[in-house]
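Step one of this worksheet: look at the structure below.
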Amino acid sequence: MNLNIFGKIDKTLFASVLVLISIGLIIILSTSYSSVGTDLTNFKKQFIFSLVGIILMFGVSSFNYRTLKNYTGILYILSCIVLAVVLSSGLIIRGTSSWFDFGFFNFQPSEIVKIAIVVIMAKYLSRNVYTNDIKKILISGMYILLPVSLILLQPDFGSAMVIIFVWFSMLFASGIKKKFVVLIMVFGLIVAATSWVYVLKDYQKDRIVTFVNPQSDPKGAGYNVNQSIIAIGSGEFWGKGLGHGSQSQLNFLPEKHTDFIFAVIAEEMGFIGVMLVLTVFGVIFYRLFKITEETQDNFGKFLIIGTALMLMFHVIVNVGMNIGIMPVTGIPLPFISYGGSSLVSFLIIIGIVQGVFIRGRGYKIENGDE
């Protein structure tokens, strides 16, 4: 790895990511102290994951991102294999077979598969930019069909949603005709209806029903969302202070360090804390937009577009489910929610973005853009 790589990266992007990681660590540490005792395990693990992820980010950014085009076939095959293996022999948590158990930590391969899909779609669309050939659009859909199916069988509805959204949005960004957009949406509705009958588990249906009417089961499926809304509202402007959130410290709020960490931020840091988090995300999306503008090759552009779309979807859905306007799907808040697989994966893809920032702006297109 080039030891001078720090001097070449986008420091605003890196600093913004570092701020979000720090906020996540602070909140996880705060939730480690509760009425039932102190447990710093999650904080220690997340701190280690942060260090590992940052090292990997710098390592990835030191390589030429264009070499990824040579390995998309291998990435796709490995993604499907690892998803098949975790489906058959993975650790089952809350009825979902999505993790490999390595003792000290659990690894969720679908998080890495999300990155692989961004890379695969970036290569495909860089060769077929502004395509309006229905065959090429269908081929792009075939790329995601197998991994999405394997993820749904786990079942992990949230990760499947992310991949489908990234695929569709990257296609839209590539300039396909509106009639194809409409056809894809109609097909999506048909798949959604079929999934409701044959794929979704009862608890996943409950989450969607609760999304439409949170009060339909306030002590069951709607409990998490109701407690989250209470926590957010009680934080008011300044918040109750770190370690003083009643919903989080008294364990009324489930999954307070993962799915509903945004509610803890709102309760303990108030409106000010929420605006800080959203502003930092805004800075990240702004920098991604600027890097896209400056990148000279289509592969680099689509890598950044796919990254931005993936992060944006995570933020919108996670914040939305915390305030009761999105179904609870288990999608983490990037760089903040507890989870080694997601944190390291997000940092790896930021490393790819940094690689594009370092090398993509002065790239001269020769012999077409492949």
Long-range alpha-carbon pairs in the range 1-90, meaning those over 22 Å apart, account in percent for 55 percent
When the charge dipole of the range 68-335 is computed with +1 on Lys and Arg Cβ and -1 on Asp and Glu Cβ about the Cα centre, the Cα farthest towards its positive end, among Gly235, Thr279, Leu75, belongs to Leu75
Each label sits 7 Å from Cα toward the beta-carbon; between Ser195 and Ser89 the label points are separated, in nm, by 2.9 nm
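Treat every Asp and Glu Cβ in the chain as -1 and every Lys and Arg Cβ as +1, leave all other atoms uncharged, and give the resulting dipole magnitude about the Cα centre to the nearest 20 debye.
860 debye
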About its Cα centre, the range 231-319 carries a charge dipole, from +1 on Lys and Arg Cβ atoms and -1 on Asp and Glu Cβ atoms, whose size in debye to the nearest 20 is 60 debye
Relative contact order in percent for the chain (Cα pairs under 8 Å, 6+ apart) equals 27 percent
Length gained, Phe285-Leu40, 0.36 nm per residue minus C-alpha separation, equals 85.0 nm
In nm, the gap between the two label points placed 7 Å beyond Cα toward Cβ at Leu78 and Lys11 is 3.3 nm
For Lys45, counting only lysines whose alpha-carbon sits under 17 Å away and dropping same-chain residues fewer than eight positions off, the answer is Lys256
Rounded to the nearest 10, the angle in degrees between the Cα long axis of helix 178-198 and the longest principal axis of the Cα atoms of the chain comes to 50 degrees
Per-residue ellipticity at 222 nm attributable to helices in the chain (runs of n ≥ 4 DSSP H, -39500 (n - 2.57) apiece, nearest 500 deg cm²/dmol) works out to -22500 deg cm²/dmol
Expected unfolding gain across Phe271-Ser246 under the 0.36 nm per residue rule, minus the alpha-carbon gap, is 7.3 nm
Among Val148, Gly245, Val225, the residue whose Cα sits farthest towards the positive end of the charge dipole of the chain (+1 at Cβ of Lys and Arg, -1 at Cβ of Asp and Glu, taken about the Cα centre) is Val148
At 25 °C and 0.890 mPa s, the Stokes-Einstein diffusion coefficient in µm²/s for the range 68-335, with hydrodynamic radius from the Kirkwood sum on alpha carbon pairs, is 123 µm²/s
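Each reported figure results from applying straightforward, stated rules to the coordinates on display, with no laboratory input. Remember, it's a predicted structure, so these values are computed and weren't measured experimentally. All Cβ positions, even for glycine, are placed from backbone atoms using ideal geometry, and neighbour counts span all protein chains on display.
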